Structures are given as C-alpha cells and as structure tokens.
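Colleague: There's a structure below that I have some questions on.
The values are calculated or read from the model by the stated rules, or taken from the named source; none is laboratory data. No experiment lies behind these values; they were computed from the predicted model shown. No Cβ is skipped: glycine too gets one built from the backbone with ideal geometry, and neighbour counts run over all protein chains shown. Areas reflect the complete protein model, heavy atoms only, side chains present, ligands, DNA and RNA absent. Shrake-Rupley method; radii C 1.70, N 1.55, O 1.52, S 1.80 Å.
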Amino acid sequence: MRVKDVFVNGSGVRLPSTLNVADAIASGECEPKLVARTDVESVSVSPHESAAEMAVEAARVALARAGSAPDDVDLILHATTYHQGQDLWPVGSYIQRETVRNSCLALEIRQMSNGGLAAMDLAVSYLIARPGRDALLTSSDRFCLPGIDRWRTDPGTPYGDGASALVLSTRGGYAKLLSLAINADSDLEPLHRGDVPFGLAPFSHRIPVDFEEAKHTFSREFGLSYGINKANAGQALAVEQALSDADMKIGDADWIILPHFGRRRLDVNYLRPYDIDPERTTWSWSRTVGHLGAGDQFASFDHLVQTGKAKSGQRIVMYGVGAGYSWGCAVIEML
C-alpha cells in the first residue's frame, strides 16, 4: 500500500555482548562446518537479560529519541519468535508497564522473522485511523539452550540475541514511510513444522528445535523446487508491490536492509536474484550481530541512522521473510 503521513520518529537497539565465531569454535560450542559458508564474524549474546528485558531497554531509547510522552503512544506491538522469559505471560503488557505505563492496547505479534514488518503493517493502519498519535513497535529474542541452538537449529544462519524498537508517528519524524507490502502463502506452513504430531507442552518432540529436519520432511513430500519457487515468488510479490507503490525500482534504493542471514543464504535468495551490491546493504554490520528473529529490519535501520550512513533524501528498502510463510517489504525516505 502507498502510505501517507506516517513517519519514523525514533529507534533503539539493545545488543548485550558479542561472541566471536572463532571463540565459539575454539570452545567447542560450534563446529567449523556449521559456519563455514555463513561468513558471519560474531553474534550478539545475552548472558543474563531475558528477551523481555532487552525489549524494554530498546523501547526506552526509541521513545526518548522520539520525544514520545505516554499520552502520545496509542499502540504497542511486540514481535517475537521465541520464549520471552516467562510462561503464559503477556509480554506486551510488561513492556508497557516498564515504559509508558499508559492504558493503550499492547499486543504480541507472532509471525516469526517477518514479525517486525507485520507489526509495522498493523500499526500503519491503526495510526491512519487515529491520526495525531504514535505507535511503539518492539522486537526481542534470546536464542539459547535448551530450546534453541543458535548454531544448529537453523544451519546457515547463526542466531543472535537482542532487541530493537521503532516509534511510528503521524505527528512527524525524521523519516517518512512511503510504502509497505505484506504477502503470505500458508502452503509453506509445514516447512517449519514437519510431520511430527502435535504435542501437549513446549518442546514435546524436538529439543533443541530442529528446522533442518522439518525442511527435509517437507522436501520429501512436496519436492525441493516446489518450496524454493514458492518462497521466491512470495518475496518477489511483496518487493514489487512496495517498490511500485513508492514509484521506484530496486536500483533507485540507496540502502537495502536484508534479513540477517548467513552469506550463502543471502547470495542465493537476495543478492544475486535482485542484483544487489552488498555495499548497499548492512551486511558488514549484520555479520557481526547474527539473526535477531523479527528484529533484523528495525536494528539495521537504527544502525544506518545512528552511524550517519542514512542521509537526507535517501531511500531505504527493507526486505522481510518469516516462517508461515509471509514476506514483507517497506520503503522509507530520510527527511
């Protein structure tokens, strides 16, 4: 959709500490073959902070930078993929209590790695219906054992711990959202489920989670090319729609934010198909952070802004993909 009068007015990131891949190999935490083709240098790791606590820190920074008072915030959406630190617990309400402490709606979005852009899509519609207000979007995950093995759960993409936040506003800001497109295809839902029966409790069948086994099961039933073609078509549709609504082509973008995947996966799915020069992406930074679940897009955007790389008049294109499957694409112009 073509977006009017919705702005980015603040962003924030919380990345607790860094673990070098070389150190992880030396300690026996991962084998060289697991990261050989990822070209990832390091990942962000949280020794103590839960995902929810990191989200609060990122949100506080974003709100402060936006100058958003509690009465300004009319919606809080928190995108997650994994455990937030407590069971049967509304993490959105925790973030609300620890930040604005107001009475607006605070919800959790569970759309895997496309959750950030999914939250943005919902927030835009909400803000257009209620002009003059702000929306706080947060994302946070802590990928740790016993449930997640950051090196082995999804081979080809080392996972990092961290949080990111974005404040969208109809009151103004330093960047303008020009367009946003979301596309979904539930035919690919089994790709991350496999054929195991439904369980009675978390991790009833696989601990740690093994995405690779689920993908092998899907490929045996439907064929490898079926899944690849579907995934490529889904992403292309979202990208084409967002670019068309912004009256531009991908070559017009000054910066392109891609998911924080390993290099081989980026090459196959994005860099080569869309003829993207890595220098126009945040790859040099994302390879030091790892995949932040639903938070890659907001975190990379914050990196461009805070380092001064994103300059007035430049356009930034965000790509997103998440199991389920869904894809997103957004175009933002710096003011």
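Colleague: Within the stretch 294-335, track down each residue that is farther than 21 Å from Ala246 by Cβ, of a type in the set (A, V, I, L, M, F, W, C) and part of a helix (DSSP H, G or I).
Modeller: Matches in the stretch 294-335: Ala294, Ala299.
Colleague: Please state which of the following conditions Phe211 fails to meet, knowing it meets all the rest: (1) at pLDDT below 95; (2) touching an Asp or Glu at 6+ places or on another chain (Cβ under 6 Å); (3) open to solvent by 50 Å² or more (accessible area, probe 1.4 Å).
Modeller: Result: Phe211 passes all but (3).
Colleague: Taking only pairs six or more apart or across chains, which ones have beta-carbon atoms under 7 Å, a first residue in the stretch 174-196 that is free of Cβ contacts under 8 Å to residues at least 24 places away in the same chain, and a second residue that is buried (at least 17 other Cβ atoms within 10 Å of the Cβ)?
Modeller: Close Cβ pairs (under 7 Å, with a partner that is buried (at least 17 other Cβ atoms within 10 Å of the Cβ)) amount to Arg193/Ala214.
Colleague: What are the residues in the stretch 162-182 that are in contact with a Phe, Trp or Tyr (Cβ under 6 Å, 6 or more places away or on another chain), farther than 17 Å from Ile109 by Cα and not basic (Lys, Arg), if any?
Modeller: Ser169, Gly172, Gly173
Colleague: Scanning for something part of a loop (DSSP other than H, G, I, E, B), outside the structural domain of Thr38 (by the TED database) and free of Cβ contacts under 8 Å to residues at least 40 places away in the same chain, does the stretch 250-259 turn up at least one residue?
Modeller: No: zero hits.
Colleague: From (1) open to solvent by 20 Å² or more (accessible area, probe 1.4 Å); (2) on the phi < 0 side of the Ramachandran plot; (3) assigned to a loop (DSSP other than H, G, I, E, B), pick out the condition that doesn't hold for Leu178.
Modeller: (3)
Colleague: Of everything in the stretch 129-147, what is on the phi < 0 side of the Ramachandran plot, open to solvent by 10 Å² or more (accessible area, probe 1.4 Å) and touching a residue at least 12 places away in the same chain (Cβ under 8 Å)? Give them in sequence order. Reasoning before the result, please.
Modeller: So in the stretch 129-147, the residues on the phi < 0 side of the Ramachandran plot come out as 129-131, 133-147.
Checking the rest, the ones that are also open to solvent by 10 Å² or more (accessible area, probe 1.4 Å) come to 129-131, 133, 142, 144-146.
Those that are on the phi < 0 side of the Ramachandran plot, open to solvent by 10 Å² or more (accessible area, probe 1.4 Å) and touching a residue at least 12 places away in the same chain (Cβ under 8 Å): Arg130, Pro131, Arg133, Arg142, Cys144, Leu145, Pro146.
Colleague: Out of Tyr82, Tyr126, which single residue is assigned to a loop (DSSP other than H, G, I, E, B), on the phi < 0 side of the Ramachandran plot and either of a type in the set (Phe, Trp, Tyr) or open to solvent by less than 10 Å² (accessible area, probe 1.4 Å) (or both)?
Modeller: On the way: Tyr126 fails: assigned to a loop (DSSP other than H, G, I, E, B).
Every option except Tyr82 fails the conditions.
Colleague: Mind listing just one residue for me: the one in the stretch 104-123 that is in a loop (DSSP other than H, G, I, E, B) and touching a Leu at 6+ places or on another chain (Cβ under 9 Å) and, of those, surrounded by the most Cβ atoms within 10 Å (Cβ to Cβ)?
Modeller: Gln111
Colleague: Same structure again: Going through Leu243, Leu237, Leu304 one at a time, which residue ends up being over 24 Å from Val35 (Cβ atoms) and in contact with a Cys (Cβ under 8 Å, 6 or more places away or on another chain)?
Modeller: Result: Leu243 is the single residue among Leu243, Leu237, Leu304 that is over 24 Å from Val35 (Cβ atoms) and in contact with a Cys (Cβ under 8 Å, 6 or more places away or on another chain).
Colleague: Take the residues in the stretch 260-275 that are part of a helix (DSSP H, G or I) and either open to solvent by 20 Å² or more (accessible area, probe 1.4 Å) or of a type in the set (D, E, K, R) (or both); name whichever of them is farthest from Val35 (Cα to Cα).
Modeller: Asn269
Colleague: Have a look at Leu19, Leu63, Leu34, Leu75 and point out the one that is outside any loop (DSSP other than H, G, I, E, B), open to solvent by less than 80 Å² (accessible area, probe 1.4 Å), out of contact with any strand residue (DSSP E or B) (no Cβ under 8 Å at 6 or more places or on another chain) and not polar (S, T, N, Q).
Modeller: Exactly one of Leu19, Leu63, Leu34, Leu75 is outside any loop (DSSP other than H, G, I, E, B), open to solvent by less than 80 Å² (accessible area, probe 1.4 Å), out of contact with any strand residue (DSSP E or B) (no Cβ under 8 Å at 6 or more places or on another chain) and not polar (S, T, N, Q), namely Leu34.
Colleague: Out of (1) touching a residue at least 12 places away in the same chain (Cβ under 8 Å); (2) over 14 Å from the mean Cα position of the chain (by Cα); (3) farther than 16 Å from Thr157 by Cβ, the odd one out for Leu266 is which?
Modeller: It fails just one condition, (3).
Matching residues to (1) within 16 Å of the chain's Cα centre (by Cα); (2) hydrophobic (A, V, I, L, M, F, W, C); (3) surrounded by fewer than 17 Cβ atoms within 10 Å (Cβ to Cβ):
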site	(1), (2), (3)
Ala242	no, yes, no
Asp277	no, no, yes
Ser284	no, no, yes
Gln297	yes, no, no
Gly320	yes, no, no
Cys329	yes, yes, no
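Colleague: So for the stretch 156-168 (the condition being over 23 Å from Val43 (Cα atoms), open to solvent by less than 10 Å² (accessible area, probe 1.4 Å) and touching a residue at least 40 places away in the same chain (Cβ under 8 Å)), does at least one residue qualify?
Modeller: Filtering the stretch 156-168 down to residues over 23 Å from Val43 (Cα atoms) leaves 167-168.
Right, trim to open to solvent by less than 10 Å² (accessible area, probe 1.4 Å) and you get 167-168.
When the remaining residues are screened for being touching a residue at least 40 places away in the same chain (Cβ under 8 Å), the result is 167-168.
Yes.
Let's see how each residue does on (1) closer than 20 Å to Pro16 by Cβ; (2) of a type in the set (A, V, I, L, M):
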site: Gln96; (1), (2): no, no
site: Cys104; (1), (2): no, no
site: Leu107; (1), (2): no, yes
site: Ser139; (1), (2): yes, no
